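The values are calculated or read from the model by the stated rules, or taken from the named source; none is laboratory data. Please read these numbers as outputs of a predicted model, since none were measured by experiment. Don't worry about glycine lacking a Cβ; one is built from the backbone with ideal geometry, like all the others, and counts go over all protein chains shown. Just so you know, the surface numbers come from the protein's heavy atoms only, side chains and all, with ligands and any DNA or RNA stripped out. Shrake-Rupley method; radii C 1.70, N 1.55, O 1.52, S 1.80 Å.
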Amino acid sequence: MAFKFDDLLRRLAESAHSPVVALGRGDGGGAAWRVVYTNGMLDALTGHESGRLAGAPARFLFGPSDSGSATTVLATLAGDQEAAVAATLHGNHGMLIPVMITLTPLGNPGEPPLYWTGRVSPKALGATPVADRYALAAEGANDGLWDWDLVNGRVLYSPRWIAMLGCDRSEIGDSPEEWLGRVHPADIDELRLAIDALVEGTSIELEHEYRLRIRDGSYRWMLARAVGRRAPDGRAVCVAGSQTDVSDRHWVREQLEYDAFHDGLTGLPNRALFLDRLGQALVMSRRRAEQRCAVLALDIDRFKLVNDSLGHGAGDEFLTILARRLEGCLKEGDTLARLGGDEFAILAEHAGDVAKAISIADRVQGVLSAPIVLDEQEIFVSACIGIAIATGRVRNADDLLRDANLALYRAKSIGTGRIEVFDQKMHSRAVTRLKLETDLRRAIDRDEFTVYYQPIVWLDTGRIAGFEALVRWENGERGTVSPGEFIPLAEETGLIVPIGHKVLTAACAQLVDWQGRGLIGADMSVSVNISAKQLSQTDLVGEIRDTLDGMALSGHRLKLEITESVIMENPELAAAILARVREMGVSLSVDDFGTGYSSLSYLHRFPINTLKIDRSFIARIDDNAAERALIKTIIKLGHSLGLEIVAEGIETAEQRRQLELLKCEFGQGYLFAAPMPAASAEALLTASLPLKPNRPPIALVGE
């Protein structure tokens with residue numbers, strides 16, 4: 001294979017820390033010698049721009065062929081042996097630079113050299129003012145330079161190399177131990193192996209990172225790069241290189257690694273690190289049953305109220321204080337992590353059994369019971385906690401954390417400050433719920449929802465005053481799915497928004513159809529339920545306006561039913577949206593009145609038209625005088641505010657009679673009719689008969 005300079009030596013020359021020039025004459029043996037390559041150190045010495053000398057005749061650098069310097073160099077190039085010769089380099093703007101240059105032949109064995117490399121010896125430079133340019137370049141470099149003479153065992157350290165250690169030149173000798181003796185004990189063996197590989201020829205260059213002790217006793221991360229030089233017999237005679245301080249890069253990398261596994265706000269382990277430690281704990285639990293670990297998943301009750309009332313800055317401070325408190329509950333070996341938001345998790349590596357895990361949860365509740373003071377305001381804290389114990393059934397860390405979260409969700413569904421322990425039924429319910437959610441999403445795409453209508457009647461005459469539109473789900477596999485089963489899930493997942501839109505448009509369209517065929521008068525209305533998710537959507541008002549305008553339906557024909565809890569979840573937002581809705585003529589009803597906040601103040605704040613008394617009150621009106629008195633108070637309160645009253649869930653003639661005596665105008669319930677398909681409701685309208693208690697309900701369907 002033909003010898004090529006670029007293939008083997010260009011990188012070596014670039015890594016050298018001495019001025020280097022390469023000379024070649026191409027394939028023609030009689031061609032003049034030319035400069036093939038110069039490294040940056042030679043360019044700095046001669047004052048030429050980088051690459052300026054490449055391709056120039058040798059005389060351009062060493063002077064005319066009849067000069068003493070050129071004669072000496074050319075005589076050496078005519079042979080085939082390495083030689084050190086005195087020469088004068090011709091620099092930019094006529095500078096003459098006396099140097100000692102070591103010329104080394106390169107080429108194919110048994111053939112005349114194709115290339116020569118010339119390495120300027122640093123020892124030959126110190127005596128001339130011009131040569132100080134090299135020393136100045138070395139001292140000005142950010143890297144420390146070193147030159148290790150393997151023959152006499154001495155190392156020349158540059159001033160910058162010494163300064164990187166925080167030392168003076170007088171403190172550093174020329175022994176290799178000045179360097180190697182300061183390398184961190186954990187790094188020295190690998191560094192020595194890397195140097196040995198370079199010296200022995202198994203590696204052509206060295207590039208290695210290590211920690212180096214500086215004068216104050218601390219360690220800095222350094223990067224060493226080096227190449228070696230060999231004698232004609234192949235023996236390594238010199239290793240020279242640089243040393244770069246890469247501590248900042250290591251700090252950034254370590255910080256990135258820390259950030260990847262820790263929460264930025266509290267400094268606690270994050271989910272990734274928690275799962276890693278949990279995985280290790282599960283391995284130990286399988287080996288020793290008595291050391292079974294437990295996971296406690298925590299969720300702070302009503303944390304959203306802190307953010308909403310005091311701001312997110314105070315919320316962050318609140319979480320940080322909580323984190324410090326929770327850390328006090330830990331035993332050695334336990335892990336506290338912030339999984340996100342106000343969710344925390346504790347890994348108790350040696351909980352052992354349920355009783356011990358519950359005692360940890362009780363300890364957490366006790367620590368949280370003391371109020372936290374923010375902005376001179378006391379905040380009382382509680383948390384729901386879900387517990388899962390490692391058993392042989394648990395396959396991995398994700399499974400155990402999932403089980404703890406299922407127990408947490410169960411605790412939150414019961415109330416605040418609750419502690420629940422996972423059991424397998426929770427997992428079964430979660431799987432069932434996931435399947436239901438999947439089917440629910442498909443039901444929207446497949447248009448499996450229909451709208452049923454339940455009459456709202458005048459109690460004194462039994463005549464139909466309007467209808468409440470209620471959604472029903474008919475699934476091919478499940479059959480008729482109870483609203484109580486899918487509506488809460490739809491609200492939680494946000495699927496209630498597209499479902500609610502379907503009910504709104506279908507109910508309005510049905511009203512228009514009935515009126516167009518003369519089945520109802522202009523005073524008949526339809527009531528549609530609105531959930532919290534719908535109320536908070538970006539353009540509920542626009543959706544209602546577009547629906548009414550698109551069907552040329554007057555706003556007074558539509559009533560929106562909203563529960564007390566939905567209104568009070570975000571009173572300011574609710575007030576603003578409902579006011580805009582009322583401007584369109586749409587009426588507003590408070591559904592299930594008496595079961596929520598029952599704050600009389602909101603009856604004044606919001607533009608409400610109707611109160612609907614919850615069925616739980618009506619069910620006890622027959623035999624409970626106190627219940628009748630309460631219902632009477634609600635009715636009088638509503639009338640005093642100019643509101644209409646509707647009683648829900650009327651099932652007996654006696655309930656109807658009692659409500660009439662209490663001056664309740666409207667009612668709905670199974671006594672009159674169950675929710676029914678549009679065709680059945682149309683049959684009622686066609687008959688135009690009062691709905692009497694003794695008349696059998698039409699097309700009864702579970703409400």
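For this structure, a couple of remarks:
- Subset of the range 355-378 [under 23 Å from Gly267 (Cα atoms), among the hydrophobic types (A, V, I, L, M, F, W, C) and surrounded by fewer than 14 Cβ atoms within 10 Å (Cβ to Cβ)]: Ala370, Val373
- When residues of the range 269-288 are limited to those that are among the polar types (S, T, N, Q) and open to solvent by less than 70 Å² (accessible area, probe 1.4 Å), the one modelled with the highest pLDDT: Asn270
- Taking the criterion of being under 32 Å from the mean Cα position of the chain (by Cα) and either part of a helix (DSSP H, G or I) or not aliphatic (A, V, I, L, M) (or both), the residues of the range 490-508 that qualify are Ala490, Glu491, Glu492, Thr493, Gly494, Ile496, Val497, Pro498, Ile499, Gly500.
- Search result, residues across the range 287-300 that are touching a residue at least 24 places away in the same chain (Cβ under 8 Å), out of contact with any Asp or Glu (no Cβ under 9 Å at 6 or more places or on another chain) and not in a strand (DSSP E or B): Glu290
- Scanning the range 301-327 for residues that are of a type in the set (Gly, Ala, Ser), loosely packed, with under 15 Cβ neighbours inside 10 Å and assigned to a helix (DSSP H, G or I) turns up Ser309, Gly313.
- The residue that is surrounded by the fewest Cβ atoms within 10 Å (Cβ to Cβ), among those in the range 328-354 that are free of Cβ contacts under 8 Å to residues at least 24 places away in the same chain and touching a strand residue (DSSP E or B) at 6+ places or on another chain (Cβ under 7 Å), is Leu330.
- Yes/no for Asp399 being within 30 Å of Thr505 (Cβ to Cβ) and without any contact (Cβ under 8 Å) to a residue 40 or more places away in the chain: no
- Residue pairs meeting the criteria (Cβ under 7 Å; at least 6 apart or on separate chains; first at positive phi, in the range 48-63; second of a type in the set (Ser, Thr, Tyr)): Gly63/Ser69; Gly63/Thr88
- Taking the criterion of being closer than 29 Å to Met524 by Cβ and of a type in the set (Lys, Arg), the only residue of the range 417-465 that qualifies is Arg463.
- Of the strands (runs of 3 or more DSSP E) lying entirely inside the range 388-489, the ones with 2 or more residues being touching a strand residue (DSSP E or B) at 6+ places or on another chain (Cβ under 9 Å) and farther than 24 Å from Ser589 by Cα are found at 419-421, 464-475, 479-481.
- Residue match in the range 562-575 (condition: open to solvent by less than 50 Å² (accessible area, probe 1.4 Å), at pLDDT 90 or above and closer than 29 Å to Ala674 by Cα): no
- Annotation note: of Leu637, Leu630, Leu643, the sole residue that is of a type in the set (A, V, I, L, M) and closer than 29 Å to Ile520 by Cα is Leu643.
- Residue in the range 604-625 that is surrounded by fewer than 18 Cβ atoms within 10 Å (Cβ to Cβ), at pLDDT 85 or above, closer than 19 Å to Gln454 by Cα and touching a Pro at 6+ places or on another chain (Cβ under 7 Å) present: no
- Note on the range 152-268: enclosed helices (runs of 4 or more DSSP H) holding 2 or more residues that are buried (at least 18 other Cβ atoms within 10 Å of the Cβ) and in contact (Cβ under 8 Å) with a residue 40 or more places away in the chain are 159-164, 188-200.
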